[in-house]
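Engineer: What follows is a single structure, and I will ask about it in a moment.
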Amino acid sequence: MSQTSAVPARYYIDAVGRAVQLLRAFLSPPHRFGVTELSQMTGLTKNQVFRLLRTLTAEGLLNWDPETKTYTLSYALTELGAVASRGSSLVQAAAPVLDRLAQETGETVNLIARADEFSAICIDKRDSARLLQITAKIGARFQLHAGAVPKLLLAFSAPESIERYLAHRQPLQRFTPHTITDPGALRAELAAIRERGYSVSDEDLDLGACAIAAPIFDHHGVVVAGVSIAMPASRFGEAERARYREAVVTAAAEISRRLGHRPDTLNGAASVTQPMIISRVQDR
């Protein structure tokens with residue numbers, strides 16, 4: 001949902017909207033841009049971009065590199081993101097459950113939410129204490145066709161949202177030989193995820209990395225995030241899959257209850273028709 005459609009026009013400040021649009025442009029790799037690039041990415045004039053960049057730099061939100069003549073996000077945004085994350089009702093509701101799940105399994109536990117229509121973002125995590133571990137940075141973004149939680153979030157989206165994603169991301173990026181890049185095969189995988197109620201990543205995002213995830217519902221019965229247990233492929237045998245599947249489904253159900261969800265309130269397939277940006281933390 002755009003900001004202009006979310007609030008009456010008389011309350012909308014164009015300059016602030018353009019500044020936010022400019023900051024969001026830095027979420028795209030390589031996260032370092034000059035005036036011309038940002039103008040092309042945002043559709044703003046070079047003069048508008050230059051003035052906004054100078055203002056944001058003066059306020060400490062951007063860094064300027066005089067050698068490369070490029071700008072990057074500053075650590076001040078990381079601080080803002082950390083505060084936003086701590087204040088999130090989802091993060092607060094999930095925290096004790098994540099603690100317990102990490103302790104019970106000894107593996108890395110991730111809380112991942114929908115960042116926008118085309119990506120997911122890690123908003124909290126608990127790292128494994130083992131020497132060999134799988135981990136993600138808070139603020140790391142993921143495409144939605146690979147990885148346990150990203151696929152889960154896409155699976156529980158409205159059909160039209162899935163089709164928009166496929167059209168926008170075509171051709172689907174192949175991260176490993178196990179990544180599903182055929183749209184028809186991905187649709188079948190998403191249907192299977194909805195049917196069984198959990199998602200598995202078997203080295204489709206990173207070689208040697210596996211995960212299993214379950215959906216988190218809000219009080220409206222909408223899937224707003226997913227919780228996953230991530231581990232090396234060497235610790236993801238049949239016995240571990242069964243044990244972790246039960247553990248992650250139970251954990252997700254508890255977080256959902258803490259958000260006010262009651263299973264009998266869910267009418268039909270859940271959806272994420274209007275993805276919530278739970279946390280605006282700096283991308284990796």
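The values are calculated or read from the model by the stated rules, or taken from the named source; none is laboratory data. Remember, it's a predicted structure, so these values are computed and weren't measured experimentally. All Cβ positions, even for glycine, are placed from backbone atoms using ideal geometry, and neighbour counts span all protein chains on display.
Engineer: Right, A93: more than 23 Å from G208 (Cβ to Cβ), among the hydrophobic types (A, V, I, L, M, F, W, C) and loosely packed, with under 14 Cβ neighbours inside 10 Å or not?
Structural biologist: Here the answer is no, as A93 does not meet what is asked.
Engineer: Is the stretch 84-91 home to any residue that is touching a helix residue (DSSP H, G or I) at 6+ places or on another chain (Cβ under 7 Å) and modelled with pLDDT under 85?
Structural biologist: yes
Engineer: Taking the condition out of contact with any Cys (no Cβ under 8 Å at 6 or more places or on another chain), within 25 Å of D14 (Cβ to Cβ) and modelled with pLDDT of 95 or more, does L27 pass?
Structural biologist: Here the answer is no, as L27 does not meet what is asked.
Engineer: I need the full set of residues from the stretch 130-168 which are outside any loop (DSSP other than H, G, I, E, B) and surrounded by 24 or more Cβ atoms within 10 Å (Cβ to Cβ), in order please.
Structural biologist: Looking only at the stretch 130-168, we keep the residues that are outside any loop (DSSP other than H, G, I, E, B), and these are 141-142, 148-155, 159-168.
The answer is A148, V149, P150, K151, L152, L153, L154, A155.
Engineer: For residues in the stretch 258-280 being part of a helix (DSSP H, G or I) and loosely packed, with under 13 Cβ neighbours inside 10 Å, which is modelled with the highest pLDDT? Show your work before the answer.
Structural biologist: Initially, the stretch 258-280 is screened for residues part of a helix (DSSP H, G or I), giving 258, 263-265.
With loosely packed, with under 13 Cβ neighbours inside 10 Å added as a condition, the list becomes 263-265.
Values: P263: 79, D264: 65, T265: 46.
Checking each candidate, the answer is P263.
Engineer: Same structure, new question: Collect the residues in the stretch 15-71 that are among the aromatic types (F, W, Y) and farther than 25 Å from E117 by Cα, keeping them in residue-number order.
Structural biologist: F50, W64, Y71
Engineer: For the stretch 182-257, give me every one of the strands (runs of 3 or more DSSP E) that falls completely inside it and has 3 or more residues that are in contact (Cβ under 8 Å) with a residue 12 or more places away in the chain and touching a Leu at 6+ places or on another chain (Cβ under 6 Å). Show your work before the answer.
Structural biologist: On the way: elements: 199-202, 209-217, 223-232.
In the stretch 182-257, 223-232 are the strands (runs of 3 or more DSSP E) which contain 3 or more residues that are in contact (Cβ under 8 Å) with a residue 12 or more places away in the chain and touching a Leu at 6+ places or on another chain (Cβ under 6 Å).
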